[in-house]
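*Asks:* First the structure, then my questions, so here it is.
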Number of protein chains: 2
Amino acid sequence: MTLHLNHFFSALSDPTRRAVIERLSFGPASVSDLAAPHPMALPTFMKHLAALQRAGLVHTVKKGRVRMCHLDATPLLAAQGWLAWQRRIWETRLDQIDQLALALERETLHDQ
Amino acid sequence: MTLHLNHFFSALSDPTRRAVIERLSFGPASVSDLAAPHPMALPTFMKHLAALQRAGLVHTVKKGRVRMCHLDATPLLAAQGWLAWQRRIWETRLDQIDQLALALERETLHDQ
């Protein structure tokens, strides 16, 4: 899980790779169609694709002479889980601070 | 926004940095308390802390001789927004595929 999250967040830290995920959300695409909008050499683009594959976000299937890329959103769900968990802890703490402030305020009013 | 997401996802791609966020979710901590559980030299730990600060996830306040670290969860919310958006597009597409399959199934039954 730790290694998965490392690869996943690392894959998302680059705008080209996020753009590829955004494109694949709408449906599969060939490597050349995916590469077309990005102003870089094909070997550089292939490195980005490899990072996405390592993160488990993209898998490819060869159909004749064309390699088609598909999105696998499973790691997205795992990362959403981690972020939601952090947010819950953080919000619970803020709630506790609010309650403490309210209790102190009541106590102060009671003392007056 | 793009630059923010780059720094944010890059910050989360390392287990030490995720552990620091998990720790700070429960409340502020001094740099030395934060560094204590991690088996690395202090300058290395400080580099991790700098990456978290660059991502806007941690800010520090000096209290006397102690530097206290606080979590700022705002970038967490932005990243959750990006992930949720991707998931919505992806799920809408899966729904459309389901509906298409259902329509084809009905058509086949109707033809029989």
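*Asks:* Inside region B:19-40, can you point out the residues that are in contact with a Leu (Cβ under 8 Å, 6 or more places away or on another chain) and facing another protein chain (nearest Cβ under 7 Å)?
*Replies:* B:21, B:25
*Asks:* Does residue A:93 meet the test of being of a type in the set (Lys, Arg) and within 13 Å of chain B (Cβ to nearest Cβ)?
*Replies:* For residue A:93, the condition - of a type in the set (Lys, Arg) and within 13 Å of chain B (Cβ to nearest Cβ) - is met.
*Asks:* From the list B:52, B:5, which one is touching a Phe, Trp or Tyr at 6+ places or on another chain (Cβ under 7 Å), touching a residue at least 40 places away in the same chain (Cβ under 8 Å), within 14 Å of chain A (Cβ to nearest Cβ) and not charged (D, E, K, R)?
*Replies:* B:5
*Asks:* Regarding region B:56-63, can at least one residue be identified that is over 17 Å from residue A:8 (Cα atoms) and under 11 Å from the mean Cα position of the chain (by Cα)?
*Replies:* So far as region B:56-63 goes, yes, one or more of its residues are over 17 Å from residue A:8 (Cα atoms) and under 11 Å from the mean Cα position of the chain (by Cα).
*Asks:* OK, next. Report, by residue number, each residue of region B:13-67 that is surrounded by fewer than 16 Cβ atoms within 10 Å (Cβ to Cβ) and among the aliphatic types (A, V, I, L, M).
*Replies:* B:19, B:36, B:40, B:41, B:42, B:46, B:50, B:61, B:66
*Asks:* Yes or no: region A:17-33 includes at least one residue that is under 23 Å from the mean Cα position of the chain (by Cα) and in contact (Cβ under 8 Å) with a residue 60 or more places away in the chain.
*Replies:* Within region A:17-33 (the criterion being under 23 Å from the mean Cα position of the chain (by Cα) and in contact (Cβ under 8 Å) with a residue 60 or more places away in the chain), the answer is no, since none of the residues qualifies.
Each value in this text was obtained by applying a stated rule to the coordinates, not by laboratory testing. Quantities reported herein were computed from a predicted structural model and do not represent experimental measurements. FYI the Cβ positions are ideal-geometry reconstructions off the backbone, even for glycines, and counts take in every protein chain you see.
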